[in-house]
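All remarks here apply to the structure that follows.
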Amino acid sequence: MKKYGAELIGTFWLVLGGCGSAVLAAAFPELGIGLLGVALAFGLTVLTMAYAIGHISGCHLNPAVSVGLWAGGRLPGAQLLPYIFAQVVGGIAAGGVLYLIASGKAGFDVTAGFASNGYGEHSPGGYSLTAALICEVVMTAMFLFVILGTTHDNAPKNFAPIAIGLCLTLIHLISIPVTNTSVNPARSTGVALYAGGWAVSQLWLFWVAPILGGLLGAVAHRVVTDKS
């Protein structure tokens, strides 16, 4: 239960910190943090939580990561669904807190997106469903490859959180224009449920693509290493 509690809190922090930066600070008058700031915020949430709870739960914070680690032999099958449940609950709780904060500003409109992920007309750059699918699969696969590689027994010790956090930052720098960057079903669900409408109708992609990517990343890592 301590592992699941840690995952809930950690995912709460990821969604609140990452999506919160997008909703509250990205376009703040004159001093907005922009795309670069949002990308860094997501990376910092993972980096800080990796040091805080990595020794408790492994700091997955992401159903796709948990699936990839299970496929890579790092997570017992009996723990997979409880991990995912805790992550989704943490993401939804963070979305609720963010909604309470954001709605305190006059003119707030949750239907404008609320940092939700989308494709087609709801892609920040107008990218198609196919482009969004490819992007999310490949980005998540590379994320898992980095996670499995940097946490390998033979990898340099204590540096994994830095590499993983920077990898997530890089992923956001590449893919925010395409899908607003998911690579994480819990992150997508945590805000889509409050935005409603199109955000919920397109949510399926941000479950299917990251989980497929997580599996591909695990397979790729097994190909190039003898030990998980």
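With the condition kept exactly as written, say whether any residue in region 201-213 is farther than 21 Å from ALA39 by Cα, surrounded by fewer than 24 Cβ atoms within 10 Å (Cβ to Cβ) and small (Gly, Ala, Ser). Checking region 201-213: at least one residue is farther than 21 Å from ALA39 by Cα, surrounded by fewer than 24 Cβ atoms within 10 Å (Cβ to Cβ) and small (Gly, Ala, Ser).
Of all the listed residues (GLY10, GLY18, GLY32), the sole one being open to solvent by less than 40 Å² (accessible area, probe 1.4 Å), out of contact with any Phe, Trp or Tyr (no Cβ under 9 Å at 6 or more places or on another chain), assigned to a helix (DSSP H, G or I) and small (Gly, Ala, Ser) is GLY10. Go over the candidates SER116, SER175 one by one and state the one that is touching a residue at least 40 places away in the same chain (Cβ under 8 Å), under 23 Å from GLY34 (Cα atoms), in a loop (DSSP other than H, G, I, E, B) and within 14 Å of the chain's Cα centre (by Cα). One residue alone meets the criteria, SER116.
Could you say whether any residue in region 127-143 is among the charged types (D, E, K, R) and touching a residue at least 24 places away in the same chain (Cβ under 8 Å)? Within region 127-143, one or more residues are among the charged types (D, E, K, R) and touching a residue at least 24 places away in the same chain (Cβ under 8 Å). Checked against (1) in contact (Cβ under 8 Å) with a residue 12 or more places away in the chain; (2) open to solvent by 40 Å² or more (accessible area, probe 1.4 Å), GLY77 meets all criteria but (1).
Checking the conditions here, which among GLY113, GLY120 is modelled with pLDDT under 95 and either surrounded by fewer than 21 Cβ atoms within 10 Å (Cβ to Cβ) or farther than 23 Å from ILE162 by Cα (or both)? Just a single option satisfies the conditions, and that option is GLY113.
Return yes or no: is LEU47 farther than 20 Å from VAL191 by Cβ, open to solvent by less than 70 Å² (accessible area, probe 1.4 Å) and in contact (Cβ under 8 Å) with a residue 40 or more places away in the chain? Here the answer is yes, as LEU47 does meet what is asked. The requirement of being closer than 17 Å to SER21 by Cα, crowded, with 24+ Cβ neighbours inside 10 Å and under 16 Å from the mean Cα position of the chain (by Cα) is fulfilled somewhere in region 152-170, by at least one residue.
The values are calculated or read from the model by the stated rules, or taken from the named source; none is laboratory data. Quantities reported herein were computed from a predicted structural model and do not represent experimental measurements. Reconstructed Cβ throughout: ideal geometry from the backbone, glycine too, with neighbour counts over all protein chains shown. To get the accessible areas, we keep the full protein, side chains included, count just its heavy atoms, and leave off ligands, DNA and RNA. Shrake-Rupley method; radii C 1.70, N 1.55, O 1.52, S 1.80 Å.
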